[in-house]
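The values are calculated or read from the model by the stated rules, or taken from the named source; none is laboratory data. Since the structure is predicted, the reported quantities are computational estimates derived from the model, not experimental observations. Cβ placement follows ideal geometry from the backbone for every residue including glycine, while neighbour counts extend to all protein chains displayed.
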């Protein structure tokens with residue numbers, strides 16, 4: 001199995017200054033209802049938040065002056081923790097997916113399998129194509145080799161060949177890994193989810209849409225000639 005190292009985002013207390021940790025002498029203040037209160041002295045903003053039983057949180061530290069908002073910081077931390085957890089679900093470790101073929105797999109099925117493999121690659125996973133030979137089929141490995149070369153060519157825009165076709169017992173296998181384009185698309189999806197999770201007041205980020213629509217398959221539909229021909233390899 002191949003692993004992808006993921007980095008956790010900084011702790012919430014390190015991402016946002018709150019109350020006495022705010023250093024600017026003046027701030028642009030937004031109240032708990034979202035109303036703009038203009039530029040006020042930090043001391044005045046802290047006093048107003050305290051009078052309302054709430055906290056003052058710096059939400060745009062690079063603005064001049066920094067933007068602060070009156071919030072219930074305990075509630076904010078709870079909601080933010082939930083969003084961070086949701087974002088981390090999208091940062092799954094890379095896996096090795098196996099797509100099994102047969103020498104008699106027809107062109108339509110090959111197209112379906114290529115589409116599913118593309119989905120795996122754009123999701124950051126490696127894909128192992130395996131052609132299994134039965135009986136006298138083993139005397140015609142060239143058929144399997146042509147299939148694997150066809151898969152590599154079909155997916156070359158999103159994958160690189162990590163292992164050329166290799167005979168393993170009665171099976172011929174090809175290993176593909178996501179290329180720079182696939183990795184960039186995956187990183188973009190993760191970054192979008194991370195930004196959505198870190199944005200104050202933002203809703204729970206939606207799951208990334210599939211990179212390419214799959215008209216032929218539902219997620220639970222089998223894509224091979226056998227009932228278990230597309231697997232995850234431990």
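Some points to look at:
- Every test in (1) in contact with a strand residue (DSSP E or B) (Cβ under 9 Å, 6 or more places away or on another chain); (2) at pLDDT below 90; (3) surrounded by 16 or more Cβ atoms within 10 Å (Cβ to Cβ) is passed by residue 1 save one, and that test is (3).
Let's see how each residue does on (1) touching a helix residue (DSSP H, G or I) at 6+ places or on another chain (Cβ under 9 Å); (2) part of a helix (DSSP H, G or I); (3) in the same structural domain as residue 23 (by TED's automatic domain parsing); (4) at pLDDT 90 or above:
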| residue | (1), (2), (3), (4) |
| --- | --- |
| 53 | no, no, yes, yes |
| 57 | yes, no, yes, yes |
| 84 | yes, yes, no, no |
| 105 | yes, no, no, no |
| 109 | no, yes, no, yes |
| 113 | yes, yes, no, yes |
| 127 | yes, no, no, yes |
| 144 | yes, yes, no, yes |
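- Filter result for residue 49 (over 33 Å from the mean Cα position of the chain (by Cα), modelled with pLDDT under 95 and in a loop (DSSP other than H, G, I, E, B)): no
- The criterion of being in a strand (DSSP E or B), free of Cβ contacts under 8 Å to residues at least 40 places away in the same chain, assigned by TED's automatic domain parsing to the domain that holds residue 17 and at negative phi holds for residue 40.
- Here the condition is being surrounded by fewer than 17 Cβ atoms within 10 Å (Cβ to Cβ), out of contact with any strand residue (DSSP E or B) (no Cβ under 7 Å at 6 or more places or on another chain), modelled with pLDDT of 90 or more and over 30 Å from residue 96 (Cβ atoms); of 11, 35, 41, it holds for 35 alone.
- Test for residue 100: is it within 27 Å of the chain's Cα centre (by Cα), at pLDDT 90 or above and either crowded, with 20+ Cβ neighbours inside 10 Å or not assigned by TED's automatic domain parsing to the domain that holds residue 34 (or both): yes
- Selected residue (criterion: surrounded by the most Cβ atoms within 10 Å (Cβ to Cβ)) from residues of segment 125-159 that are more than 16 Å from residue 99 (Cα to Cα) and within 24 Å of the chain's Cα centre (by Cα): 158
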